[in-house]
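Scroll down for the structure; my scribbles are underneath it.
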Amino acid sequence: MPSACTNGLDIGFASLSYLQIGILGVVQGITELLPISSTAHMRVVPAVLGWRDPGSAFSAAMQLAALAAVVSYFWRDVREVAFGSVAALRRRDYQHQSFRLAVAIVLATIPIGIAGLLLAPVLNACDSPLRGLNVIGVSCLVMAMLLAISELSCKHLRTVGDMRLRDALIVGLAQVGALIPGVSRSGSTLTAALFINFKREEAARFSFLLGLPAIALAGLKELVALLHAHIPAEAWTILLFGIAVASVSAFVAIWGLMRFLERFSAWPFVVYRAALGIFLLVGVYVGMLH
């Protein structure tokens, strides 16, 4: 089913019902913050159920739900970075952990900020080739392989307190990969953090904190684009409903992920991503998915 376009912006979500948007909001909220790619699921679920693709604008705007969930769950960390870094700056204590983490967050955001601006015309275009199911399938398989390697070859010993600016740059560069549908922002940054030997739960924490500006910028940028596109009032109501539902499910996803990684490895995500990638590629090849 073709996507809906307004002023060159893909707004397929506007033609979906509240029930459909509610279901997609739950799926988006859960998969946005787990290392399994929300974009993949935003394409797979509608394709399997015969619904219209909600479009890249929906996926990007849903970043605001992830932002609300991450800030709520890690509020102590966010508050400490915000206020602690300002206090450290006033004291000229540039080695203070809060100040160093604030600098790391800014540094990690620069690569995806530049790449996002350069690739925006392609990423947000109607019927973008990058949202093809075959592209997403390959991305899932590649990320499953990289996550598996990180589990097999890396020592999971470090904490966020051990963070160096070089670590932030590595994770920030990995975050650029999230612009390719199917890679997953949380998946790429979590995998990068595991490769530099962070503990699994600390890698997730590091990933979420460093991703806050990127999540916020992506969501706000899409809202501005939608404002300029003059979409109908009903579309705004549907979008806000989806964001509200996704915020709740995203918070639950963080809570579950942090507790899971405290006790177990990331292998279940490896298996799931590999299975999803194979399903997509086979589905496209046999004509089951379009």
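Being touching a helix residue (DSSP H, G or I) at 6+ places or on another chain (Cβ under 8 Å), crowded, with 24+ Cβ neighbours inside 10 Å and within 21 Å of Leu209 (Cα to Cα): is that true of Ala102 here? For Ala102, the condition - touching a helix residue (DSSP H, G or I) at 6+ places or on another chain (Cβ under 8 Å), crowded, with 24+ Cβ neighbours inside 10 Å and within 21 Å of Leu209 (Cα to Cα) - is not met. For the range 261-277, the set of residues classified as surrounded by fewer than 19 Cβ atoms within 10 Å (Cβ to Cβ), part of a helix (DSSP H, G or I) and modelled with pLDDT under 95 consists of Glu262, Arg263, listed by residue number. Just so you know, in the range 46-77 the residues that are of a type outside the set (Asp, Glu) and farther than 29 Å from Phe13 by Cβ include one that is surrounded by the fewest Cβ atoms within 10 Å (Cβ to Cβ), and it is Arg76. Selection of first residues in the range 260-281 that are under 14 Å from Ala148 (Cα atoms) and of second residues that are among the acidic types (Asp, Glu) and assigned to a helix (DSSP H, G or I), restricted to Cβ pairs under 6 Å at least 6 apart or on distinct chains, gives the following pairs, ordered by first then second residue: Ser265/Glu151; Ala266/Glu151. Among residues of the range 241-252 that are in contact (Cβ under 8 Å) with a residue 60 or more places away in the chain, those with a beta-carbon under 7 Å from a residue that is buried (at least 22 other Cβ atoms within 10 Å of the Cβ) and outside any helix (DSSP H, G or I) at least six positions away or on a different chain give the pairs Gly242/Met62; Ile243/Met62; Ala246/Met62. Residue by residue through the range 200-229, note down the ones that are crowded, with 20+ Cβ neighbours inside 10 Å and among the charged types (D, E, K, R). Correct list: Arg200, Glu202, Arg205, Glu222.
The values are calculated or read from the model by the stated rules, or taken from the named source; none is laboratory data. Everything quoted here is computed from the prediction, not taken from an experiment. Neighbour counts are summed over all protein chains in view; Cβ atoms, including those assigned to glycine, are modelled from backbone coordinates with ideal geometry.
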